[in-house]
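Student: Got a structure for you, written out below as structure tokens; questions coming shortly.
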Amino acid sequence: MLDIRTKHVGGIPNPAGTAVIDRPELSDGRLLWRIARDSQVLDVNSPYAYLLWTRDFADTTVVARVGTEVVGFVSGYLRPDAPDTLVVWQVAVDSAHRGRGLARQMLDELVTRVRPKGARFLETTITADNDASNRLFSAFARAQGAHHARSTLFTSDLFPDGHDAEELHRIGPWPATTTQ
Ligand SMILES: CC(C)(COP(=O)(O)OP(=O)(O)OC[C@H]1O[C@@H](n2cnc3c(N)ncnc32)[C@H](O)[C@@H]1OP(=O)(O)O)[C@@H](O)C(=O)NCCC(=O)NCCS
């Protein structure tokens, strides 16, 4: 069983077999790109996009490290027009590390991080055929005790390449915190 910890200021030991949930660094950008590519499910964006993400959206992105390897990430941002909403852009865990709660733990950490900034909702889009992702976010909503609404957002005809429709999942609100 994988031991999962959250990195705090000052750091903690990171022995093999322990996953540490951490902020991304610039040097992680290429690793995020690799994990997205190897998932064979996610849309693979340019290496530049992942690099940019580790610079400009590091506060709303988490990585999971095992030893010196990055084995998973959740990338997100607070919507410029609705800063109470965390949009999760991509979630991926290396196939060797799936089924151990890593994605859930990364989501939990991200939400813990953005709640003091006033976030009360999480949004993400998922294609109907992505069972793992649908179950991940349903389990997350259940654990939060939060409402989980689904609606159509990006229909197939909006894409230039026959991409499947992306359904919007909106989870929340969770209670506001008082530490803003
Ligand atoms: C989706 C993904 C990130 C899940 O990562 P993970 O670390 O294995 O997920 P967890 O172990 O944290 O599981 C969290 C929940 O999702 C469920 N789940 C995860 N993968 C599942 C699968 N393949 N089939 C069914 N349920 C699954 C788990 O049962 C768990 O629910 P529970 O808490 O009710 O038991 C991983 O499968 C992946 O990287 N897939 C390819 C990329 C992708 O599809 N990303 C999502 C779209 S952005």
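The values are calculated or read from the model by the stated rules, or taken from the named source; none is laboratory data. Quantities reported herein were computed from a predicted structural model and do not represent experimental measurements. As a convention, Cβ positions derive from the backbone with ideal geometry for all residues, glycine included, and neighbour counts pool all protein chains shown. Only protein heavy atoms, including side chains, enter the accessible area calculation; ligands, DNA and RNA are left aside. Shrake-Rupley method; radii C 1.70, N 1.55, O 1.52, S 1.80 Å.
Student: Can you pull out the residues in region 71-100 that are aromatic (Phe, Trp, Tyr) and in contact with a helix residue (DSSP H, G or I) (Cβ under 7 Å, 6 or more places away or on another chain)?
Tutor: From region 71-100, those aromatic (Phe, Trp, Tyr) are 73, 77, 89; that's our starting set.
Scanning region 71-100 gives 73, 77.
Student: Do we have any residue at all in region 62-83 that's more than 20 Å from residue 138 (Cα to Cα) and within 8 Å of the ligand (Cβ to nearest atom)?
Tutor: No: zero hits.
Student: Which of the strands (runs of 3 or more DSSP E) contained wholly in region 65-172 include at least 2 residues that are more than 23 Å from residue 49 (Cβ to Cβ) and among the hydroxyl-bearing types (Ser, Thr, Tyr)? Give the steps one after another, and end with the answer.
Tutor: Values: elements: 69-79, 82-93, 121-126, 148-154, 166-171.
It comes to 148-154.
Student: Quick one: in region 100-134, of everything that is hydroxyl-bearing (Ser, Thr, Tyr) and under 13 Å from the mean Cα position of the chain (by Cα), which residue is most open to solvent (accessible area, probe 1.4 Å)?
Tutor: Filtering region 100-134 for residues hydroxyl-bearing (Ser, Thr, Tyr) gives 112, 124-125, 127, 133.
Within this subset, residues satisfying the condition of being under 13 Å from the mean Cα position of the chain (by Cα) are 112, 124-125, 133.
Values: 112: 91, 124: 7, 125: 45, 133: 25 Å².
Only one residue tops the list, namely 112.
Student: Could you tell me whether region 15-30 includes any residue that is within 12 Å of the ligand (Cβ to nearest atom) and either in contact (Cβ under 8 Å) with a residue 60 or more places away in the chain or surrounded by 15 or more Cβ atoms within 10 Å (Cβ to Cβ) (or both)?
Tutor: So the first thing to find is which residues in region 15-30 are within 12 Å of the ligand (Cβ to nearest atom), and the list is 19, 21.
Within this subset, residues satisfying the condition of being either in contact (Cβ under 8 Å) with a residue 60 or more places away in the chain or surrounded by 15 or more Cβ atoms within 10 Å (Cβ to Cβ) (or both) are 19, 21.
Yes, some residue in region 15-30 is within 12 Å of the ligand (Cβ to nearest atom) and either in contact (Cβ under 8 Å) with a residue 60 or more places away in the chain or surrounded by 15 or more Cβ atoms within 10 Å (Cβ to Cβ) (or both).
Student: Separate question: Residue 61: at pLDDT 95 or above, hydroxyl-bearing (Ser, Thr, Tyr), over 12 Å from the mean Cα position of the chain (by Cα) and surrounded by 17 or more Cβ atoms within 10 Å (Cβ to Cβ), yes or no?
Tutor: Working: at pLDDT 95 or above: yes; hydroxyl-bearing (Ser, Thr, Tyr): yes; over 12 Å from the mean Cα position of the chain (by Cα): no; surrounded by 17 or more Cβ atoms within 10 Å (Cβ to Cβ): yes.
No.
Student: Right, another one. Please work out which residue is most open to solvent (accessible area, probe 1.4 Å), limiting yourself to region 135-161 and to residues that are more than 10 Å from the ligand (Cβ to nearest atom) and of a type in the set (Gly, Ala, Ser). Spell out how you get there, then give the answer.
Tutor: If we filter region 135-161 for residues that are more than 10 Å from the ligand (Cβ to nearest atom), which is where we start, we get 141, 144-161.
Next, only the ones that are of a type in the set (Gly, Ala, Ser) stay: 141, 145-146, 149, 151, 156.
Values: 141: 3, 145: 70, 146: 17, 149: 40, 151: 54, 156: 50 Å².
Filtering region 135-161 for residues that are more than 10 Å from the ligand (Cβ to nearest atom) and of a type in the set (Gly, Ala, Ser), the one most open to solvent (accessible area, probe 1.4 Å) comes out as 145.
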